[in-house]
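*Asks:* So that we are looking at the same thing, I have put the structure below in structure tokens.
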Amino acid sequence: MHQPRRRDRRLARRAPSEPAQREAFRLTAVGADVVLVGYFSAKQKDFEALMESAATELAAHGARVAVQIVQRRGVSDGGVKKMGLPYSSRTLLSYGKVREVAQACEQVKADVVIFVVTLTERQQRTLTDMFDRPAVSLTDILSAD
């Protein structure tokens, strides 16, 4: 006949509470060497000003921006139809840009990677694993104060 349904015995992943995460990221950003990463569509022409504004905000919070890297969507292949979509839902960036950020982190011995755009929790986990250092959104850093 029919067997009873078994419960899944795998333990659920427990993420640290939101205040604990924000506190940890705030502490790593103060006095830290930072790689600042921006993700912009080709329609956004003032991306350089936005990157400079983000670097100024981080400097005001005690971080030192060592490298700035920009990923522009819709400039090369992919076209206008796909500009609203990220290159990868897991990383937000193209594979080559992820490698470029990882190399920059190693060269400048960065403590944290800060993205100008908001990252999902999954993207934060994936990018943190790929870069071997925390990857967070600028809004997480600025809202922690």
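*Asks:* Please give the number of the condition Tyr87 fails out of (1) within 24 Å of Gly31 (Cβ to Cβ); (2) at pLDDT below 90.
*Replies:* (1)
*Asks:* Here is a follow-up. If I ask for residues that are assigned to a helix (DSSP H, G or I), charged (D, E, K, R) and either surrounded by 16 or more Cβ atoms within 10 Å (Cβ to Cβ) or touching a residue at least 12 places away in the same chain (Cβ under 8 Å) (or both), which ones from the stretch 107-145 would you list?
*Replies:* Glu121, Arg122, Asp140
*Asks:* A follow-up question, please. Kindly list, by first and then second residue, each pair from a residue in the stretch 29-42 that is under 21 Å from Glu106 (Cα atoms) to a residue that is of a type in the set (Phe, Trp, Tyr) and open to solvent by 20 Å² or more (accessible area, probe 1.4 Å), limited to pairs with Cβ atoms under 8 Å and residues at least 6 apart or on different chains.
*Replies:* Listed pairs, sorted by first residue: Gly38/Phe47.
*Asks:* Considering only the stretch 118-145, state which residues are out of contact with any Lys or Arg (no Cβ under 8 Å at 6 or more places or on another chain) and among the hydrophobic types (A, V, I, L, M, F, W, C).
*Replies:* Within the stretch 118-145, Leu119, Leu127, Met130, Phe131, Ala135, Val136, Leu138, Leu142 qualify.
*Asks:* Tell me which of these Val98 doesn't satisfy, since it passes every other one: (1) modelled with pLDDT under 75; (2) under 13 Å from the mean Cα position of the chain (by Cα).
*Replies:* Val98 satisfies every listed condition except (1).
*Asks:* Further question: Which residues, taken from the stretch 29-75, are within 16 Å of Pro134 (Cα to Cα), open to solvent by less than 60 Å² (accessible area, probe 1.4 Å) and hydrophobic (A, V, I, L, M, F, W, C)?
*Replies:* Ala29, Ala32, Val34, Val35, Leu36, Val37, Leu58, Ala63, Val65, Ala66, Val67 - these are the residues of the stretch 29-75 that are within 16 Å of Pro134 (Cα to Cα), open to solvent by less than 60 Å² (accessible area, probe 1.4 Å) and hydrophobic (A, V, I, L, M, F, W, C).
The values are calculated or read from the model by the stated rules, or taken from the named source; none is laboratory data. Treat the numbers as computed from the prediction; the structure is a model and nothing was measured. Positions of Cβ are backbone-derived with ideal geometry, glycine not excepted, and every protein chain shown enters the neighbour counts. Note: areas computed on protein heavy atoms with side chains; ligands, DNA, RNA excluded. Shrake-Rupley method; radii C 1.70, N 1.55, O 1.52, S 1.80 Å.
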